[in-house]
Amino acid sequence: MKELYEKAVNRLIRNGFEVFSVADATEAGALIRRQIEEIRPESLSFGDSMTLYATGVVEWMRQQTEIPLIDTFEKGVRFRELIDRRRQALLCHTFLTGVNAISASDGSLHWLDMIGNRIAPIAFGPRRVILVAGVNKIVETPEEAYRRIREEAAPRNVARHEGMKTPCAVTGRCSDCSSPDRICNERLILHKCHPKGRISLVLIDESLGL
């Protein structure tokens, strides 16, 4: 795993990503808060990520009052309002979320998404993007990254959302379904970071998230 980790870091840096290695989620949270304080963003938003929640950063963003937060997951808010906020988040200054899989062989980052609100701001819009990932997200090849998402992450992700009715929520296996609740509708692969340094990746030496 150490060799795979080092290969991933080297390839990611070569591809223009800013990479930080930390020991655990607590250290990751402290690092991300420092990054935000240094960036001094005009606004913040985030995409759903169990790893990001584990760092404590989401709770911190919600509690702080200096930087406007576009909270697209605020409890008690109507769904239509949350969708409008997700559109606004496309043009926030700094966007934070997790990563579904990392290919060590070529330093590429991989996601599958349901409606695109998480992957669209990563690709374009916000001036800065901060990503977090545990070492369990690192695999050898792009093909393994896609397999990991389809066969491991997506079924477990559906299962944690109450009321989602997909075959994989029951079987734990992808059947390439056509369910209205299907979450594997849109795919993003980042081969390079452009412009260089726009995206920071905080790699955590723990198994976190899905």
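Only the coordinates and a few stated rules stand behind these numbers; no lab work does. Because the structure is a prediction, the values reported are computed rather than measured. Don't worry about glycine lacking a Cβ; one is built from the backbone with ideal geometry, like all the others, and counts go over all protein chains shown.
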Checking rank on 151-161, 126-136, 179-189, 86-96, with mean other Cβ inside 10 Å and highest first, the result is 126-136, 86-96, 151-161, 179-189
Hz values of 3J(HN,Hα) by residue in segment 23-30 - Karplus curve (6.51, -1.76, 1.60), Gly and Pro given as x
7, 8, 5, 5, 5, 4, x, 5
In order through segment 54-67: 3J(HN,Hα) via Karplus (6.51 cos²θ - 1.76 cosθ + 1.60), integer Hz, x for Gly, Pro:
5, 6, x, 5, 5, 4, 5, 4, 6, 8, 6, 10, 7, 10
Give me Rg over Rh for segment 123-207, both radii from the alpha carbons and Rh done the Kirkwood way, two decimal places.
1.02
Which of the pairs LYS137/LYS165; LYS137/LYS192; LYS2/LYS196; LYS75/LYS137; LYS75/LYS196; LYS7/LYS137 have their Cα atoms more than 24 Å apart in this structure?
LYS137/LYS165; LYS2/LYS196; LYS75/LYS137; LYS75/LYS196
List the residues, sorted by chain then number, that are 5 or more residues from ASP205 or on another chain and whose placed amide H is less than 5 Å from its amide H.
VAL22, ALA23, ASP24
In segment 1-68, what is the volume of the convex hull around the alpha carbon atoms, normalised per residue and reported in Å³?
110 Å³
Inter-part gap, Cα centre of segment 22-87 to Cα centre of segment 147-210, in whole angstrom, is 19 Å
So what does log10 I(q)/I(0) come out to for segment 1-146 at q = 0.18, 0.20 Å⁻¹, using the Debye formula with one equal point on every Cα and no solvent?
-1.10, -1.31
Which value in deg cm²/dmol, rounded to the nearest 500, describes the helix-derived mean residue ellipticity at 222 nm for the chain, given -39,500 (n - 2.57) per DSSP H run of n ≥ 4 and division by the residue count?
-9500 deg cm²/dmol
Distance from a point 7 Å along Cα→Cβ of LEU91 to each backbone N in segment 128-165: keep the residues under 16 Å and list them by number.
128
With θ set to phi - 60° and the Karplus curve 6.51 cos²θ - 1.76 cosθ + 1.60, what are the ³J(HN,Hα) couplings of segment 91-97 in order, to the nearest whole Hz, using x for Gly and Pro?
10, 5, 6, 10, 10, 10, 6
